[in-house]
Amino acid sequence: QVQLVESGGGVVQAGGSLTLSCAVSENIFNFNFVGWYRQAAGNRELVARINVGGRTNYADSVKGRFTISRDNAKNTVYLQMNSLKSEDTAVYYCYGRYFRGNWYDYWGQGTQVTVST
């Protein structure tokens, strides 16, 4: 059973920084993509993802402020969040997706990020 466990959420003031971590229970190179979604007010949106080749994609709203990275030896994915804004407040979910004849998605339990003003 694949498990993704997030950590690092919390409360931070606007303009501050926070780093989320996602520990994956198996080799992250098994996944075509690993990354982060967030959900606020019922809408879940892609924040950032990185593919097996290292290519990254970001939501327009976080470009230049957030950075996704991975530690292959630790099977861990990170999301460095800088210059946080109140609209970044959400539950952040780590996810992994791989293709084995069909696409399979795996999700973490989520971690709350609250940006105070």
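The values are calculated or read from the model by the stated rules, or taken from the named source; none is laboratory data. Computed from a prediction, not measured in an experiment: that's the story for all the values here. So basically every Cβ, Gly included, is an ideal-geometry build from the backbone, and we count neighbours across all protein chains shown. We work out accessible area using only protein heavy atoms, side chains counted, and drop any ligands, DNA or RNA first. Shrake-Rupley method; radii C 1.70, N 1.55, O 1.52, S 1.80 Å.
Let me know the whole percent of all Cα-Cα pairs from the chain that are separated by more than 22 Å. Spell out each step's value before the answer.
Details: 1837 of 6786 pairs.
Roughly 27 percent, rounded to a whole number.
Dipole orientation for the range 32-117: of the candidates S83, I68, W103, W103 has the Cα lying most toward the positive pole (charges on Cβ; Lys, Arg +1; Asp, Glu -1). Heavy-atom accessible area, probed at 1.4 angstrom with all protein chains present, ranks F99, F33 as F99, F33, highest first. What the chain shows is 52 Å² of accessible area per residue, with the surface traced by a 1.4 Å probe over protein heavy atoms. Among the protein heavy atoms of the chain, carbon and sulfur supply 44% of the accessible surface, probe 1.4 Å, non-protein parts ignored.
In this rough spin-label picture, where each label sits 7 Å from Cα along the Cβ direction, the T117-V11 distance is 1.7 nm.
Under a Cβ-only charge scheme (Lys and Arg +1, Asp and Glu -1), can you give me the dipole magnitude of the chain about the Cα centre, in debye to the nearest 20?
On the way: 11 positive and 8 negative charges, 46 e Å.
Its charge dipole is roughly 220 debye.
When only the heavy atoms of the protein chains count and the probe is 1.4 Å, how do D71, D60 rank by accessible area, highest first? If you can, show how the numbers build up before the last one.
Details: D71 45, D60 125 Å².
From most exposed to least exposed: D60, D71.
Relative contact order for the range 1-95: 36 percent, from Cα pairs under 8 Å spaced at least 6 residues apart, divided by residue count.
A full extension of the chain between L46 and E26 corresponds to an added length of 5.0 nm, given 0.36 nm per residue minus the alpha carbon distance. How charged is the neighbourhood of R65? Take every other residue with its Cβ under 9 Å from the Cβ of R65, and add Lys/Arg as +1 and Asp/Glu as -1. Local net charge: +1. Solvent-accessible area of L18, all protein chains in place: 30 Å² (probe radius 1.4 Å, heavy atoms, ligands and nucleic acids excluded).
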